[in-house]
Amino acid sequence: MPFRGLYEHSLDSKDRLTVPSRFRASLADGVVLSKGFDPCVWVHTTEEFEQLSDRFLSPHSPFGRDARRLRRRFHGGSFEETLDSAGRIRIPKPLLEHAGLDGNCVVIGAGEYLEIWNADAWVKQEEELDAAAPEIAEGLAAAGPTA
C-alpha cells in the first residue's frame, strides 16, 4: 500500500504517536523508525527498510569511507518498533531530538514510507517545497527516468 496524505497528530506524554488508522494494517508486522535526511523521522515497514538497505547500501564496499559512514547513520540511527493495541508507536529519544518533535506532529505519506515532522517545521518545509516544486520537476524531467 502506498503511503499518501497528510495527517496531524500529537505525541503523548510517553512519546507515542498514533499512526493514522488507514496505515495500521500495513505496519502491523512492525516498523523501522530512522533519521530522515531532513529533520524528520522516516517510518518504513521492516521489509521496505531491508529492501532500501539492500538496494542502496549493500552494493557499496564497506572498505569505502563514505559507505561506512552512511551505513552507520542509516542503521545506527534506526529503531525497530511495533504498534501497540491503540495503534501507537513509541518514538525513541534520539529521533525525537533529530526531528525536533515535542508535541504537535504531522505525518506525511511519502510513497514507500511515512515521514513524521514537527508541525511548525513542516509548515516551513511545505512553503519551500511549494516554491521550488516547478524547478525540481523540470530538473528531474531533464535528467530522464531512472531505473
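Values in this text are rule-based calculations from the coordinates and carry no lab data. Predicted model only: the values in this text are computed from it and were never measured. Note that each Cβ is placed from the backbone with ideal geometry, even for glycine, and that neighbours are counted across all protein chains shown.
One residue stands out among those in region 21-44 that are closer than 17 Å to Arg72 by Cβ and either in a loop (DSSP other than H, G, I, E, B) or among the small types (Gly, Ala, Ser) (or both): the one that is farthest from the chain's Cα centre (by Cα), which is Phe37. Could you tell me which of the residues Val32, Val41 is of a type in the set (Val, Ile, Thr), in contact with a Phe, Trp or Tyr (Cβ under 9 Å, 6 or more places away or on another chain), touching a residue at least 60 places away in the same chain (Cβ under 8 Å) and within 16 Å of Arg90 (Cβ to Cβ)? Matching residue, one of Val32, Val41: Val41. Among residues of region 10-25 that are free of Cβ contacts under 8 Å to residues at least 40 places away in the same chain and over 15 Å from Glu81 (Cβ atoms), none has a beta-carbon under 8 Å from a residue that is of a type in the set (A, V, I, L, M, F, W, C) and surrounded by 14 or more Cβ atoms within 10 Å (Cβ to Cβ) at least six positions away or on a different chain.
Let's see how each residue does on (1) within 19 Å of Leu11 (Cβ to Cβ); (2) surrounded by fewer than 10 Cβ atoms within 10 Å (Cβ to Cβ); (3) out of contact with any helix residue (DSSP H, G or I) (no Cβ under 7 Å at 6 or more places or on another chain):
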site: Pro39; (1), (2), (3): yes, no, no
site: Val43; (1), (2), (3): yes, no, yes
site: Phe49; (1), (2), (3): no, no, yes
site: Ser61; (1), (2), (3): no, yes, no
site: Leu70; (1), (2), (3): no, no, yes
site: Arg73; (1), (2), (3): no, no, yes
site: Glu115; (1), (2), (3): yes, no, yes
site: Glu135; (1), (2), (3): no, yes, yes
site: Ala142; (1), (2), (3): no, yes, yes
